[in-house]
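Data block below; observations after.
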Amino acid sequence: MPTQYVYVLPTASIQGRGGSWVSPEARVVSASAECPEDKSIATVAMSNERVQGFVPVESVITTASLHRRTSRGPDYASENRALLALIESMRDAPDSILETLSATALQLCGAQSAGLSLLDDQRQRFRWAGVVGRWAEHTGGGTPREFGPCGTVLDLGTPQLFNRPERHFAYLASVEPYIDEGLLLPFSVNGEAVGTIWVIAHDERCRFDHEHLRVMSNLATVAATIYQMRLRIDALTKTRADLSQATSDLMEANRLAEQLKQEKLSLEDELGTARPFPEIIGKSAALAAVLKQTETVAKTDTTVVILGETGVGKELIARAIHTSSSRRDRQFAKLNCAAIPTALLESELFGHERGAFTDARTQKLGRFEVAHGGTLFLDEIGDLPLEVQPKLLRVLQEQEFERLGSSRTIRVDVRVIAATNRNLAQMVADGRFREDLYYRLNVFPITVPPLRDRREDIAALACFFVKRYADRLHKAIDTIPPDALHALTKWHWPGNVRELASFLERAVILSEGDTLHVPAIDIGSPAQQRPANGTLEAVERDVILRALDESRGVIAGPRGAAAKLGLKRTTLAAKMQRLGISRRRI
């Protein structure tokens with residue numbers, strides 16, 4: 001029988017397990033009995049009996065004939081055995097379930113080949129799975145969705161019967177054995193079409209009818225449910241295995257973390273560097289006693305009042321209590337009671353509603369609301385006006401208050417830490433501080449010693465501040481001369497640690513090279529080392545007057561009296577008011 005050549009463009013092919021097929025991009029140009037001389041045109045050799053001219057897809061679909069054909073009666077016994085085999089296959093892998101489906105379809109329909117075409121994740125290509133019969137060698141092959149009748153069935157969404165489909169789908173002319181008739185049904189899992197199931201007749205000895213269609217539909221429905229359950233079981237098994245592995249990994253990580261923690265503690269004990277509050281510098285007995293108290297009270301929610309002169313580091317102790325407490329992950333809010341005008345202090349503490357007073361244009365949260373769940377640090381509590389003290393007492397006792405301009409009671413959970421450089425007991429005796437508020441604050445007092453009472457810490461503090469300011473100014477100062485360190489240790493530091501820090505910052509600025517230069521005029525002279533006689537208040541007054549005299553009455557700024565004393569501007573102003581010092585006298 002003569003051979004006819006089908007011209008196709010372009011010259012591409014697709015490789016399957018059953019051999020090379022014409023590419024899905026191949027376009028039929030014409031058919032001829034002569035081989036073309038143009039070698040750029042690919043050809044597929046086919047016998048004349050297979051080539052009747054390439055026709056529209058409607059010409060190869062003969063679904064309507066299913067209901068015109070005489071069908072055999074239903075064989076429910078064989079069908080039930082097939083369904084039972086499908087159910088039992090659920091113990092197997094998903095591909096084994098598909099192979100069982102194909103085998104039962106092949107047997108019940110009397111087909112010569114059967115299988116499934118499953119879409120990939122991008123729904124662009126089919127993978128041939130579970131192929132049995134004469135086409136078994138094509139298992140694992142694949143075609144693009146638009147390449148053959150499987151894509152047409154999914155597009156139409158209904159079962160279709162194809163007769164000699166190679167008349168429209170060119171590639172099938174190169175796949176042997178040829179398809180004489182094929183019955184294809186959508187295969188849906190969880191309501192979504194994921195491919196097709198098909199049975200094939202390779203010659204006229206096999207013909208499909210509506211009974212075969214019914215059987216195939218039942219098989220596909222049951223198999224889809226079983227296939228979906230198997231996929232879910234496999235997914236759950238994998239998830240359980242992953243979870244078990246993750247749990248094992250977590251336990252191992254926790255074990256290693258605990259081991260590292262113990263090793264770190266052991267190493268710190270060996271080196272003698274284990275310190276509960278590494279941000280606080282010093283090893284003197286006076287400071288150690290304060291840190292012991294800090295560590296003890298941090299484990300509770302007790303109200304704390306921190307006493308001590310200006311500049312000793314009361315806020316640092318307050319922060320250490322907060323960071324060592326169970327509230328460490330919540331807000332640490334602070335308010336300097338001496339820095340806020342009396343008219344605004346109540347609003348700052350408790351907040352206000354819009355329109356509560358002339359400038360209240362919006363609602364504002366007070367510090368107690370901001371610190372809810374955390375800690376509120378009230379610095380300079382001795383400067384709190386008498387008219388505000390009852391409302392603070394109520395919050396400490398009841399943990400509730402009302403915003404200015406509101407009658408709604410707000411409940412909060414706030415730990416209060418207060419600090420002052422004043423003698424609160426004397427202020428109570430003088431009638432300048434409420435006695436009940438004093439007792440409520442004075443539950444756990446901590447007195448921070450002045451720097452002159454822990455001189456052995458001055459060397460460590462000096463090294464710390466010199467390094468900090470040198471790094472900030474991009475200087476490499478790594479030496480403090482012994483005579484300078486001796487002078488620093490002997491000075492009585494009325495401004496305490498804050499004064500020491502300010503002095504060393506000035507020294508770092510003035511220093512050249514890698515050695516700290518401490519100007520003799522600033523420290524160590526007999527006049528400066530001799531403190532004034534009299535009470536502590538008199539000494540403080542004398543020091544402030546001297547600083548104001550040197551700054552010519554200027555308080556703020558880098559050359560002001562506050563900077564010379566290592567104090568905040570507001571703190572110095574409050575001290576001057578308390579001591580009755582006026583700048584007009586300077």
Would you please give the residues with an amide H less than 5 Å from that of Phe187, counting only those at least 5 places away or on a separate chain, with H modeled from the backbone geometry? Val194, Gly195, Thr196, Ile197
Taking every other residue with Cβ under 12 Å from the Cβ of His212 and scoring Lys and Arg +1, Asp and Glu -1, one gets -1
Compute the separation of the alpha-carbon centres of segment 429-463 and segment 370-407 and state it in Å as a whole number. 21 Å
With only Lys, Arg, Asp and Glu charged, each at its Cβ (+1 for the first two, -1 for the last two), find how big the charge dipole of segment 57-233 is about the Cα centre; round to the nearest 20 debye. 220 debye
If each of Ala556 and His517 carries a label point 7 Å out from its Cα toward its Cβ, how far apart are those two points in nm? 3.2 nm
For a test of the definition: using alpha carbon positions, the gyration tensor, and the 1.5 limit on a/c, classify segment 314-432 as rounded, prolate or oblate. oblate
Summing Lys, Arg as +1 and Asp, Glu as -1, what charge do residues with Cβ under 13 Å from the Cβ of Ala246 carry, Ala246 excluded? -1
Just add up the charged neighbours of Phe401: K/R +1, D/E -1, any other residue whose Cβ is under 12 Å from the Cβ of Phe401. +1
Karplus-derived 3J(HN,Hα), 6.51/-1.76/1.60, for each residue of segment 60-67, Hz, glycine and proline x: 9, 8, 10, 4, 4, 6, 4, 7
Can you classify segment 57-233 as rounded, prolate or oblate using the Cα gyration tensor, where a ≥ b ≥ c are the square roots of its eigenvalues, rounded means a/c under 1.5, and otherwise it's prolate if a/b beats b/c and oblate if not? oblate
If packing is taken as the average count of other Cβ atoms within 10 Å, what order do 391-404, 173-186, 474-487 fall into, highest mean first? 173-186, 391-404, 474-487
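Of the trypsin sites (Lys or Arg not before Pro) in segment 137-205, which ones lie in a loop per DSSP and count no more than 14 other C-beta atoms within 10 Å? Before the final figure, lay out each step's value.
Numbers: sites: Arg145, Arg167, Arg205; in loops: Arg205.
Passing both the DSSP loop test and the Cβ count: Arg205.
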Which whole-Hz ³J(HN,Hα) couplings does segment 206-217 yield from phi under the Karplus relation 6.51 cos²θ - 1.76 cosθ + 1.60, θ = phi - 60°, glycine and proline marked x? 10, 9, 9, 9, 5, 5, 4, 4, 4, 4, 4, 5
For segment 281-297, just list the computed ³J(HN,Hα) in residue order, Karplus coefficients 6.51, -1.76 and 1.60, θ = phi - 60°, integers in Hz, with x standing in for Gly and Pro. 8, x, 10, 5, 5, 5, 6, 4, 5, 5, 5, 5, 4, 4, 5, 5, 6
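Quick note: the coordinates plus some simple rules give every number you see, no bench work behind them. On a predicted model such as this, the values are computed, not experimentally measured, just so you know. Neighbour counts run over all protein chains shown; Cβ positions are idealised from the backbone, glycine included.
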